[in-house]
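Data block below; observations after.
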Amino acid sequence: MVIEPKIRGFICTTAHPAGCCAHVKQQIDWVRAQEKVEGPKRVLVVGASAGYGLSSRIAAAYACGAATVGVIFDKGASGNRTATAGWYNTAAFESFAHADGLYAKTINGDAFSNAVKEETIDLIRRDLGNVDLVVYSLAAPRRTLSDGTSVSSVLKTTGDEYRNKTIDLKTRTVSEVAIGPATQQEIDDTIRVMGGEDWYDWIQALRDGGVLADHAVTVAYSYIGPELTHPVYLNGTIGAAKRHLYETSGRITSDFPGVRGYISVNKALVTQSSAAIPVVPLYISLLYRVMKEKGLHEGCMEQMYRLFHDRLYAADGVPTDSEGQIRLDDWEMRPEVQEAVSALWEQLDSDNVSQLADVDGYWEDFYHIFGFGLPDVDYTAEVDPAVEIESLQH
Ligand code: NAD
């Protein structure tokens, strides 16, 4: 079939296998051209199929030569439905890795579940012995708890109602959005989904299963951002979850001797998850414009390479801020970048948004996530949507 993008709100319900493959290859080629990193050798990435997790897996494999196990939650094609982008990304990653002689296996299932944790531990024990790096890169809207009940995360404030500009990317109109306060239950649920509880459970299960190397490192990702997004992010429900994630990094370091738990505060980038947050996409399109003009722009791949090369496996120890967090948002948060973004933000309206903000750049990244708009891909050609992930073939 010929696959076209079908956009519904802030997601695209189709994905292109050849385009996703080209997107993965672009990242691999970029990493190959960088200096190698003396880093981890056996890596588990939880949330490995897209965004920061996928780029972490590529950095581990192609900058460090590591064997990788990825945990993903994706769907293969069925009937005239394409597979999810994460499925195609993983199929492509595995086939490149295998062709390059790198071990890569994937487990497809709900990372929050005990069954997936056990399956992963069995696989690591059988094939690798243990892992020396665990990347925890889940971004999930809900979590099924072990008793079968489900909790959802919400994107709300934890105080007063908050109003600010937001963009309808489709019509390129700027309007005001009002984000209401969450109930205590909603805050608690968001913490259960996006906080550190499940990260801790993973580390506990890996350690109890005897498959965590003595001096393993584990990292989870967070975001801080500028003041204008604080009510909806840092001081909102998601920020409360991220604070819990941060506290969990400390608990992991103290409860599992030898293991070091880190938070890496990453840059705001277009991913399936960030597209869902009000206000943030408009901020990202201004940020892209400013960072591109200043020659400071990075995507997930550049960020994750910098995480491995300049932070986690830097020769002189891991550089952190005063709270012990790794800061990959350092370029985003530079005063000259933030001052330029703020000045543009003040002037922004529907009439000037296309001139002031990099909406095209936003859309370009958005399409790339689903494998559309990549150079050298013939989007008019018939493609078979049924693509296998090599390690999942039975
Ligand atoms: P993403 O949506 O691109 O990727 C999330 C990954 O989690 C996907 O591979 C998805 O399949 C997987 N996943 C979701 N639920 C799962 C489940 N139940 N079981 C197994 N896998 C599951 O998101 P992202 O933006 O790369 O986010 C990853 C992390 O980075 C999050 O913690 C996010 O808060 C953080 N972060 C994102 C940004 C940003 O701007 N995008 C900035 C800083 C930090």
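The values are calculated or read from the model by the stated rules, or taken from the named source; none is laboratory data. This structure is a prediction, so every number in the text was calculated from the model and none was measured. Neighbour counts run over all protein chains shown; Cβ positions are idealised from the backbone, glycine included.
Within the stretch 372-394, the set of residues being touching a strand residue (DSSP E or B) at 6+ places or on another chain (Cβ under 9 Å) and either among the hydrophobic types (A, V, I, L, M, F, W, C) or part of a loop (DSSP other than H, G, I, E, B) (or both) comprises F372, P385, A386, I389, L392. Which pairs turn up if I take residues in the stretch 36-51 that are in a loop (DSSP other than H, G, I, E, B) and within 15 Å of the ligand (Cβ to nearest atom) and look for partners that are of a type in the set (S, T, N, Q) and modelled with pLDDT of 95 or more with beta carbon separation below 6 Å, at least 6 apart in sequence or on another chain? Filtered contacts from the stretch 36-51: G47/S137; S49/N89; S49/T90.
Residues of the stretch 130-155 that are among the small types (G, A, S) and touching a residue at least 40 places away in the same chain (Cβ under 8 Å): S137, A139, A140, S152, S153. Checking the structure you have, find out if any residue of the stretch 306-328 is modelled with pLDDT of 95 or more, within 12 Å of the ligand (Cβ to nearest atom) and in contact with an Asp or Glu (Cβ under 9 Å, 6 or more places away or on another chain). Yes: the stretch 306-328 contains one or more residues that are modelled with pLDDT of 95 or more, within 12 Å of the ligand (Cβ to nearest atom) and in contact with an Asp or Glu (Cβ under 9 Å, 6 or more places away or on another chain). Scanning the stretch 130-149 for residues that are small (G, A, S) and within 11 Å of the ligand (Cβ to nearest atom) turns up S137, A139, A140.
Kindly evaluate E186 against the criterion of being over 19 Å from V71 (Cα atoms), within 16 Å of the ligand (Cβ to nearest atom) and over 19 Å from the mean Cα position of the chain (by Cα).
On the way: over 19 Å from V71 (Cα atoms): yes; within 16 Å of the ligand (Cβ to nearest atom): no; over 19 Å from the mean Cα position of the chain (by Cα): yes.
No.
Contact map, the stretch 66-78: first residue under 25 Å from Y313 (Cα atoms) and touching a residue at least 24 places away in the same chain (Cβ under 8 Å), second residue of a type in the set (F, W, Y) and away from the ligand (no atom under 13 Å from the Cβ), Cβ cut-off under 8 Å, separation 6 or more or different chains; pairs are A67/Y103; T68/Y103.
Remark: pairs (first residue in the stretch 220-232, free of Cβ contacts under 8 Å to residues at least 60 places away in the same chain; second residue aromatic (F, W, Y) and near the ligand (Cβ under 8 Å from one of its atoms); Cβ separation under 9 Å; 6+ apart in sequence or on different chains) = T229/Y223. Going through (1) free of Cβ contacts under 8 Å to residues at least 40 places away in the same chain; (2) within 14 Å of the ligand (Cβ to nearest atom) one by one, S254 falls short only on (2).
The single residue among R126, R163 that is out of contact with any helix residue (DSSP H, G or I) (no Cβ under 9 Å at 6 or more places or on another chain) and assigned to a helix (DSSP H, G or I) turns out to be R126. Residue pairs whose Cβ atoms lie under 6 Å apart, separated by 6 or more positions or on different chains, with the first residue in the stretch 1-23 and more than 26 Å from T171 (Cα to Cα) and the second modelled with pLDDT under 95 and outside any helix (DSSP H, G or I), do not occur. Checking each residue in the stretch 58-82 for being more than 18 Å from E38 (Cα to Cα), crowded, with 24+ Cβ neighbours inside 10 Å and within 14 Å of the ligand (Cβ to nearest atom) picks out V69, G70, V71, I72. Checking the structure you have, find out if any residue of the stretch 274-286 is over 30 Å from S146 (Cβ atoms) and not in a helix (DSSP H, G or I). Yes, the stretch 274-286 contains a residue that is over 30 Å from S146 (Cβ atoms) and not in a helix (DSSP H, G or I).
Have a look at D360, D330, D376 and point out the one that is acidic (D, E) and on the phi > 0 side of the Ramachandran plot. Let's see the steps before the verdict.
On the way: D360 fails: on the phi > 0 side of the Ramachandran plot; D330 fails: on the phi > 0 side of the Ramachandran plot.
The unique qualifying residue is D376.
Restricted to the stretch 349-394, and to residues that are within 20 Å of S95 (Cα to Cα) and acidic (D, E), which residue is farthest from the chain's Cα centre (by Cα)? It comes out as D384. Just one of (1) surrounded by fewer than 24 Cβ atoms within 10 Å (Cβ to Cβ); (2) in a helix (DSSP H, G or I) fails for N89. It is (1).
Of everything in the stretch 173-208, what is outside any helix (DSSP H, G or I) and within 29 Å of T253 (Cα to Cα)? Give them in sequence order. Don't jump to the end; show me each part of the working.
Going residue by residue through the stretch 173-208, those that are outside any helix (DSSP H, G or I) are 173-183, 195-196.
Scanning the stretch 173-208 gives G195, G196.
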